[in-house]
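Please treat every number below as a calculation from the coordinates, not as lab data. Every value quoted in this text rests on a predicted model; they were computed, and no experiment measured them. Here the Cβ is made from the backbone with ideal geometry for all residues, glycine too, and neighbour counts use every protein chain on show.
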Amino acid sequence: MKILGFIIKKKKYRGHYCWVCQSVLPNEKFSGQAHSNHICKKCSKLSKEELAKISDERFIYDVFFQKNISIENLYRIEKISKKYIGELGEQATVILKVAKLHPLKKKRLGFLYFKHKELFDELVRFGIIDDLITHRIQDEIEYEKIIELQEIEIKRKQQKYDIDLIGVDEYSDDLPL
Ligand SMILES: [Zn+2]
């Protein structure tokens, strides 16, 4: 391929990508059937249900980072939320609520944090997002406390200084010249 005079070589992989273990593996790690499914020999030993679950788990995670969650994806999330009992089902339920409330990725985290903290906390609990916002806010509060303490300390010193000055003034009359 030639773009702007540069020759861009297509990246060569010495193997194939297995979507299950998410790794590029050499040809011999794939068998005929599994090859066309993009699943390596090892992963193709998993049952259909196990593979479906891995795919659903990935989907739930990936969909959260899509720019805009589409109606089709909303349906799939709903299906997943009903299909699984346990953590995956719970995760899907939370993502479904999020997708309905705020399908756009932009400004979603702030919206959740301030308007639906319970959903935000759930996303953190499931490891879908890192809780950076709370730390930042806590840092700010801590910082403000430090500033406040410093100001109190400065005022206290100032007052002490004023008192000292008054004291010196009062004494100065008695001081021998
Ligand atoms: Zn694999």
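How much length, in nm to one decimal, is gained on full extension between K82 and F65, taken as 0.36 nm per residue of separation minus their Cα-Cα distance?
Length difference between fully extended and current span is 4.0 nm.
Can you give the FRET efficiency for Y143 and E72, using 1/(1 + (r/R0)^6), R0 = 45 Å, r = Cβ-Cβ distance, to the nearest 0.05?
Given R0 = 45 Å and the Cβ-Cβ separation, E is 0.50.
List the aspartates and glutamates whose Cα lies under 19 Å from the Cα of K82, skipping any in the same chain that are fewer than 8 positions away.
Output for K82: E49, E50, D56, E57, D62, E72, E90, E122.
Please give, to one decimal in nm, the separation of the simple spin-label points placed at D162 and R125, each 7 Å out from Cα toward the Cβ.
5.3
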